[in-house]
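Below is one structure, written out as structure tokens, with a few remarks after it.
The values are calculated or read from the model by the stated rules, or taken from the named source; none is laboratory data. Computed from a prediction, not measured in an experiment: that's the story for all the values here. Cβ placement follows ideal geometry from the backbone for every residue including glycine, while neighbour counts extend to all protein chains displayed. SASA here: full protein model, heavy atoms, side chains in, ligands and nucleic acids out. Shrake-Rupley method; radii C 1.70, N 1.55, O 1.52, S 1.80 Å.
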Amino acid sequence: RVLFRSRLDADSSGTVYGNARGGAFFRIRDLRVTDYFNSSDFGIGAVKTLTADPDEPGAVYLGTEDGQFCHGSFDKSFTDMQAGSPRYVETVFDTDESGNITDVYDSGFYVTTNINRIAIADGTIWLVTDDKILYRDSEGNFRALENIPLTDSIEGFAEDYEGNLWFSSSRQGIIQHTVMQAGGVDHLLAESGFSGNILKFVGNNLHDSLS
């Protein structure tokens, strides 16, 4: 069987998990594909990404093209599959006809677009969708990362050696989320490709980092 893999991840024991184009997901042991499933076997959209569950050997988190966040175990042939569209909280600003803010409150929404990446950084689960970056808070609820310039075609995630988180959009560039510095986010913005200036965004103030 030929697999055009999309993403690979490994657990602490060295077992490799992956997903392929078209919705297949699999497990590799001793350089062999030992387990193979397809999204259609479970009535979910095509799997776009997966990440090993660090707390449960053999289990993975799955993200699908129709916005479902799933969890299940290869050891149990996914008979324990849990799947659903995650609800997240985002701040909403109501305004009057003049554009003045009249009310600010949190409102709940559901993911309806591709889940392109699932990542776990310092014990926090992050979901990267087409238009949102979500994280699970200490109470187990997903919240949107707000006041960022990435709003479309968000696909990439990486964590550097300092614990900073990097997110990328194929259309809008890259941002660095500085987890250890409250309120500080570095943005690399580009209107075309990655030729934009490096900017510093802190609170409501935007600064040119090169000046």
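Work out, step by step, the length gained on full extension between ARG21 and TYR36: first 0.36 nm times the residue separation, then minus their alpha carbon distance; give nm to one decimal. If you can, show how the numbers build up before the last one.
Details: separation 15, 0.36 × 15 = 5.40 nm, distance 1.32 nm.
Fully extending the segment from ARG21 to TYR36 adds 4.1 nm.
Find the accessible area per residue for region 26-185; the probe is 1.4 Å, ligands and nucleic acids are left out, and the unit is Å². List each step's numbers first, then the result.
Values: 8270 Å² over 160 residues.
Per residue, region 26-185 has an accessible area of 52 Å².
I need the peptides 7-13, 42-48 ranked by packing, meaning the mean over residues of other C-beta atoms within 10 angstrom, with the highest value on top. Could you put the intermediate results ahead of the total?
Values: 7-13: 13.7, 42-48: 19.4.
Taking the mean over residues of other Cβ atoms within 10 Å, the ranking is 42-48, 7-13.
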Checked region 105-164 against the a/c 1.5 cut and the a/b vs b/c comparison, axes a ≥ b ≥ c from its Cα gyration tensor; verdict oblate
If I stretch the segment between GLU56 and ALA121 completely, what's the gain in nm (0.36 nm per residue apart, minus their alpha carbon distance), one decimal?
21.8 nm
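Ignoring ligands, DNA and RNA, please state the percent of accessible area on region 1-88 from carbon and sulfur, probe 1.4 Å. Mind dumping the intermediate values first?
On the way: 1990 of 4560 Å².
Of all accessible area on region 1-88, carbon and sulfur atoms account for 44 percent.
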Whole-angstrom gap from region 109-128 to region 133-149, using each part's C-alpha centre
9
Charges only on Cβ, +1 for Lys and Arg, -1 for Asp and Glu: so what's the dipole of region 1-72 about the Cα centre, in debye to the nearest 20?
420
